[in-house]
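Visitor: Take a look at the following structure, please.
The values are calculated or read from the model by the stated rules, or taken from the named source; none is laboratory data. These numbers come from a predicted model, not from an experiment. Counting neighbours? That spans all protein chains shown, and the Cβs are built from the backbone with ideal geometry, glycine included.
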Amino acid sequence: MRFGIFSNSNRDIGYEVAIKIANRLLSKNVAPVFLNEQKCSLLDDINGVVYDDFKGCSLIISIGGDGTLLSVISRFNELDIPFVGVNKGSIGFLSEISCDVLDEGIDKLITKDYQILERAQLEAKVYDKNGNLKTTEICLNDAVVTRGSKLHVINMDLTIDGALVEKFFGDGLIVSTPTGSTAYCLAAGGPILMPSMRNMIVTPLCSHTLNNSSYVTDYDSIIEIEMMGSETDAIFCADGRQAINIEPFDRVCISMCNRNVKTIVLGYSSFYNTIRKKIIARGSFYESRKE
């Protein structure tokens, strides 16, 4: 059996957690697999470490924060194997294993004492005003259209399933999955959905109207955001990755991706207990940074 391991060295200083996991796996006759890009003397000192791609691995362990896990999923989801996060970030909504239960968590992975949660993803396509495809992005959390460097409000038409829902003036729109409902969507006042649900959420950013409500759509809905106005200055971003510029009369089409993400659930906490603890921790984290 082989487990893939990806460690964010900016979070996992000196590969401390990665080394602990590798040694734990080897003690249970499981091969720890690291990518060649992570090859270093700290890992070389461990007898039995394998440098390879993640093909043939039973699962992938991501060490870092939610951003690290999102990046790992984006890179390797086509392998169709489950992912699990070990939290070395600030909050870690998506991370299933905390460092205080590291050995126990790894043992559960080895004995397959877990459940698989399939999370829906978005497929977002950006077209120019002539209908030419500019980019296609897959995202687990959210696709965001927001104002650019000029800091002016932007003018957009929001269409769902071919029906014009509203002409929007404001800072932008967030389209999120149930998984992403606890991220940017939550910060913007959107609803929280169970991650097993199959809906999309459209949440406005600083709407310049009296209506500031989110829309929850069906799984098979198609959401279109068309940039209106000849002086539109906006950007599009998927899961916080590098933004691309949106030009006047460009169109963003968002639907559910036909490929889900398999994530591992170890059952340390229920979803709502996790929400409560993480939101409290998030507030404490930012308060401590002010001091």
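Visitor: Quick one: which residue in 196, 284, 230 is modelled with pLDDT under 95 and part of a loop (DSSP other than H, G, I, E, B)? Full working, then the answer.
Guide: On the way: 196 fails: modelled with pLDDT under 95; 284 fails: part of a loop (DSSP other than H, G, I, E, B).
Criteria check complete, one pass: 230.
Visitor: Okay, moving on. Here is a list of conditions, (1) touching a residue at least 24 places away in the same chain (Cβ under 8 Å); (2) under 21 Å from the mean Cα position of the chain (by Cα), and residue 32 meets all of them except one; can you say which number that is?
Guide: Evaluating residue 32 over (1) touching a residue at least 24 places away in the same chain (Cβ under 8 Å); (2) under 21 Å from the mean Cα position of the chain (by Cα) leaves (2) as the failure.
Visitor: Which members of segment 39-65 meet the condition of being polar (S, T, N, Q), closer than 19 Å to residue 28 by Cα and touching a residue at least 24 places away in the same chain (Cβ under 8 Å)?
Guide: Let us first name the residues in segment 39-65 that are polar (S, T, N, Q), namely 41, 47, 58, 62.
Still in the running and closer than 19 Å to residue 28 by Cα: 47, 58.
Correct list: 58 only.
Visitor: To continue, here is another question. Scan segment 211-253 for residues that are of a type in the set (Val, Ile, Thr) and without any contact (Cβ under 8 Å) to a residue 60 or more places away in the chain and jot them down.
Guide: 216, 217
Visitor: Which of the residues that make up segment 66-87 are free of Cβ contacts under 8 Å to residues at least 60 places away in the same chain, out of contact with any Gly (no Cβ under 7 Å at 6 or more places or on another chain) and of a type in the set (A, V, I, L, M)?
Guide: 79, the sole residue that qualifies.
Visitor: Hey, any hits in segment 233-244 for a residue that's more than 14 Å from the chain's Cα centre (by Cα), surrounded by 16 or more Cβ atoms within 10 Å (Cβ to Cβ), within 19 Å of residue 70 (Cα to Cα) and of a type outside the set (Val, Ile, Thr)?
Guide: Yes, because at least one residue in segment 233-244 is more than 14 Å from the chain's Cα centre (by Cα), surrounded by 16 or more Cβ atoms within 10 Å (Cβ to Cβ), within 19 Å of residue 70 (Cα to Cα) and of a type outside the set (Val, Ile, Thr).
Visitor: Go through segment 175-226 and give me each residue that's under 18 Å from residue 137 (Cα atoms) and touching a Gly at 6+ places or on another chain (Cβ under 8 Å).
Guide: Matches in segment 175-226: 176, 201, 222.
Visitor: Out of curiosity, is residue 164 in a strand (DSSP E or B), surrounded by 15 or more Cβ atoms within 10 Å (Cβ to Cβ), at pLDDT 95 or above and outside the structural domain of residue 68 (by TED's automatic domain parsing)?
Guide: Values: in a strand (DSSP E or B): yes; surrounded by 15 or more Cβ atoms within 10 Å (Cβ to Cβ): no; at pLDDT 95 or above: yes; outside the structural domain of residue 68 (by TED's automatic domain parsing): yes.
No.
Visitor: Tell me whether segment 93-102 contains one or more residues that are modelled with pLDDT of 95 or more, in contact with an Asp or Glu (Cβ under 8 Å, 6 or more places away or on another chain) and not assigned by TED's automatic domain parsing to the domain that holds residue 139.
Guide: no
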